[in-house]
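The values are calculated or read from the model by the stated rules, or taken from the named source; none is laboratory data. Only a predicted model underlies this, so the values are computations on that prediction, with no experimental measurement involved. Because the Cβ atoms are built from the backbone with ideal geometry, glycine has one as well, and the counts that use them run over all protein chains shown.
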Amino acid sequence: MKNHIRLSLYIFLTPVLLWLLLLIVIPHIELLIMSLKGTDDLGDPVWTLANYRHFFTEQIYWYTFVRTAVYAMLTTVLTFVVTFPVAFYITKVVSVRLSGFLTIVLLMPFWVSELVRVYGWMILLRESGVINHLLISSGLMNTPIEMLYNDISMMMGLVYTSMLFMAVPLISSLEGMDDSIIEAAHDLGASPPTIFCKIIIPYAAPGITSGSIVVFMLALGNYLTPTLMGGKNSLWFTEQIYNEFIASFNWNQGAAFGFLLLALSSIIIWAGLKLTRQELGRALS
Amino acid sequence: MIRTLPPHKGYTLAFRIYIVLFYLFLFAPLIITCILAFNDSNFPSLPWKGFTLDWFMADGPDRIGLFHDRSNLSSIVVSAQTAFWVSILSVTVGTMGAFLFEQEEFPAKRGLYFLALTPLVIPGVILGISILLTANSLGIYFEDTFGLDIPLLRPSFWLVVLGQFSFITTFVLLVVSARLRKFDPSLEEAALNLGATRFEVIRCITLPFLRPALIGSGAVAFLMSFENFNTTLFLVGSETTLPINLYLQVRDGSTPIINAVSFLLIVSTSILAVINLVAGKRENRE
């Protein structure tokens, strides 16, 4: 009996360990090692901090890094603001029969590849796009304007592609909330803003945290939306990583950038979990 | 404020308008993409010049439809093959992980569980470059010490499979664990008391119980892999997957063929989504 149990432990443990060691742990150690290497004047490999020094001395890298972080946070906040009313409407306001239907319809677009969704926005917004065509043919405008390739369109794209990851945890946490709590507050004379701040938000806090973590991480690591919707000067940090790897073929520099991005996302996620006193396991499931 | 409280007219109306606008925002890009796949124009834009199936069926010389476009068709096949292997591998390892973390006891279990969750919060780009770096270093090492050239360690089909597998497995692990937690251990104990071995119990009792979760997570794993861009971007070799291939086309200017591909993707994923939902509903009712 005892032997059987030990045997099953090893059978389950081996593939999991192989997966985590070979594909997660070792590659990230390698990433760190590569970021600390460079070549000296003779072209021989040496240990160096030059890749990191380069990051801090070149203003453009710094600027892009901070910009990416700030915009990713802004995306997270905006995504929350846009999706929260919808999640609240679906779970608390609309009739129960309609609520199931609305949820299904809400999830549908997100099964479709991100690339297709971004492409859809491109043909809507660009200079020869559908919106410009409609505005001109209806006589509201005379000349087409470029609505794509700026920060606003990029932010809109980022919010659009991450809404699902906010909506699902919000809906599931609000679904668990007993309506009578809100009714009680209402009967005791609380105004809607008070109910919202003192009851609904604290109750939905776990859902808000897990949604925010995922949205932030996805926005920070997004490559498609900033390159396609932000245009030439979108300056997203993943683009710098891509350029170092594919265009300049400077893998050491790229590894340093990658490690910095990883550190930033880990620190912010960790801080988010600490501030709301949650564990990663609970936030993800 | 909520459905059981007396409604406030202005509030309800404003809320309704917001919801309508939201759903419009949600569907506008997809609907436009689909419509323009059938427009008889050389650019994916208005005005509407009439209905055509050219972007699916045409066989040159002026227009080449999707079904005659070698590069797009072969990238669909590559994506399907990648997704097939990724879902098989990740469902296998993810399920083993679920058994490991739900039913076994060993030292450092919490630490290992934490590690198993991290792939979902590591940006996909980082996973891609770190696996690329490691494969490359290993390749150089084998070449220098043993004179072996291992194609697997260069950007290639299998490297993409490994890269996607590395984080999709965590997703499967979470879904299967959730189902396993609902499992009644007394069923297992009964079988063990009646003389079944641990593996007979898993094969005849636990796995059939897990079946809906295995199928559901397998389907989502397939879709996640089929649509993955960030991790794949750095690991892809000469066999490009569909998202990469589409990206290159979109970046270099667009033709309605992209709309045709998108139309097929939207229709097929919607069908898959509905099937998954219906199956999920039935499971909940059980």
Give me the pairs: first residue in the range A:149-171 and within 17 Å of A:L235 (Cβ to Cβ), second residue among the small types (G, A, S), beta-carbon distance under 6 Å, and six or more apart or on different chains, which are they? A:Y149/A:G231; A:M154/A:G230; A:M154/A:S234; A:L158/A:A219
Working carefully through the options A:L22, A:L31, find the one that is within 9 Å of another protein chain (Cβ to nearest Cβ), part of a helix (DSSP H, G or I), out of contact with any strand residue (DSSP E or B) (no Cβ under 8 Å at 6 or more places or on another chain) and surrounded by fewer than 16 Cβ atoms within 10 Å (Cβ to Cβ). A:L22
Cβ-Cβ under 6 Å, sequence separation 6+ or interchain: first residue in the range A:115-136 and more than 7 Å from chain B (Cβ to nearest Cβ), partner outside any helix (DSSP H, G or I). Which pairs? A:L125/A:M147; A:L125/A:L148; A:R126/A:L148; A:E127/A:P144; A:E127/A:E146; A:N132/A:P144; A:L135/A:M141
Out of all the residues in the range A:219-255, which are more than 11 Å from chain B (Cβ to nearest Cβ) and farther than 27 Å from A:E127 by Cα? A:N243, A:A247, A:S248, A:F249, A:N250, A:Q253
Candidates A:F216, A:F196 - the one that is of a type in the set (F, W, Y), surrounded by fewer than 22 Cβ atoms within 10 Å (Cβ to Cβ) and within 13 Å of chain B (Cβ to nearest Cβ): A:F196
Is it the case that B:I64 is over 24 Å from the mean Cα position of the chain (by Cα) and modelled with pLDDT under 85? yes
Residue match in the range B:36-47 (condition: in a helix (DSSP H, G or I), facing chain A (nearest Cβ under 9 Å) and surrounded by 14 or more Cβ atoms within 10 Å (Cβ to Cβ)): yes
Name the residues in the range B:92-112 that are more than 7 Å from every other protein chain (Cβ to nearest Cβ) and in a helix (DSSP H, G or I), would you? B:T92, B:G94, B:T95, B:A98, B:F101, B:E102, B:Q103, B:K109, B:R110, B:G111, B:L112
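Tell me which residues, restricted to the range B:135-159, are part of a helix (DSSP H, G or I) and over 24 Å from the mean Cα position of the chain (by Cα).
Result: B:N136, B:S137, B:L138, B:G139, B:I140, B:Y141, B:F142, B:E143, B:D144, B:T145, B:F146, B:P151.
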Go through the range A:76-112 residue by residue and tally those that are under 16 Å from the mean Cα position of the chain (by Cα) and free of Cβ contacts under 8 Å to residues at least 24 places away in the same chain. 2
Meets criteria (modelled with pLDDT of 85 or more, of a type outside the set (F, W, Y) and in a helix (DSSP H, G or I)) for A:I195: no
Flag for A:S35 being among the small types (G, A, S) and closer than 26 Å to B:I122 by Cα: yes
